[in-house]
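To start, the structure itself, in structure tokens.
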Amino acid sequence: MSAVYLSTAYLAPVQYYSKLAHFDKICMETKENYSGQTFRNRCLIAAANEIQALTVPVEKPETLKCLTQDIRISNHGNWRHLHWNALLSAYNRSPFFAYYADDFRPFYEKPYRYLLEYNEALRTMICNFLDLHPAITHTEKYEFEVKNDFRTAIDPRYPKPDTSFLSRPYYQVFRNRHGFIPNLSIVDLLFNMGPESILFL
């Protein structure tokens, strides 16, 4: 059985979901030291004028090192309202936003305490929409040397080469302005392509 190692991610990019679709076993890393400015608490969407980053604020750990599973979400800055408005502004004209909106809205109303819990609840819902049923286990200890390690490879700032992922163009609301933008958040694919999204993974 082929396995892949992934870190938790907030509305992860299409590349991330391609791993959920193509590997038999998903090892979700929970024992790593948390690293900021990554997809763990950030996603990228296509807004009207630019690529927009949405970041879930987290509470600063009391120690220099803190396990990802222990990272708590901060209520600072009314971020839930800001994120929902950003999604609405970017995708209200997409073909399938209205179809999924009522399912996503509660995630921007109900507070979650832990980032891992929040991300996993979103991922579970999105996988159901995509008819993906990955076999996911949470790691019990951190393994330094593993095969198919994408824990740090799928990164918004320093992505590593991934020959197993090919981003196929699909319809995007602002494609006439920006051209096709690959590997945005899975919601970009979902809101634009709906049930056909699985064909692009």
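The values are calculated or read from the model by the stated rules, or taken from the named source; none is laboratory data. Note that the structure is a prediction, hence the values are computed from the model and not measured. Positions of Cβ are generated from backbone atoms using ideal geometry, with glycine treated the same way; all protein chains shown enter the neighbour counts. Ligands, DNA and RNA are excluded from the accessible area calculation, which covers all protein heavy atoms including side chains. Shrake-Rupley method; radii C 1.70, N 1.55, O 1.52, S 1.80 Å.
Numbers for the structure displayed
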quantity: Every pair of residues 6+ apart whose Cβ atoms lie under 7 Å, when the first sits in region 50-70 and is under 30 Å from Arg177 (Cβ atoms) while the second is at pLDDT below 95 and open to solvent by 60 Å² or more (accessible area, probe 1.4 Å); calculated: Pro57/His76
quantity: Inter-residue pairs, beta-carbon under 9 Å, first farther than 22 Å from Val14 by Cβ and in region 128-155, second open to solvent by 30 Å² or more (accessible area, probe 1.4 Å) and in a helix (DSSP H, G or I), 6+ apart; calculated: His138/Gln69
quantity: Within region 143-170, considering residues that are modelled with pLDDT under 95 and aromatic (Phe, Trp, Tyr), the one farthest from Phe23 (Cα to Cα); calculated: Tyr158
quantity: Meets criteria (surrounded by 13 or more Cβ atoms within 10 Å (Cβ to Cβ) and among the charged types (D, E, K, R)) for Asp131; calculated: no
quantity: Hits in region 35-47 (condition: open to solvent by 40 Å² or more (accessible area, probe 1.4 Å) and at pLDDT below 95); calculated: Ser35, Gln37
quantity: Sole residue being under 19 Å from Glu50 (Cβ atoms), open to solvent by less than 30 Å² (accessible area, probe 1.4 Å) and in contact with a Ser or Thr (Cβ under 8 Å, 6 or more places away or on another chain), chosen from Val173, Val187; calculated: Val173
quantity: Only listed residue being more than 17 Å from the chain's Cα centre (by Cα) and surrounded by 17 or more Cβ atoms within 10 Å (Cβ to Cβ), chosen from Glu50, Glu32, Glu59; calculated: Glu32
quantity: Complete set of residues in region 83-102 that are open to solvent by 50 Å² or more (accessible area, probe 1.4 Å) and in contact (Cβ under 8 Å) with a residue 24 or more places away in the chain; calculated: Ser89, Arg93, Pro95, Phe96, Tyr99
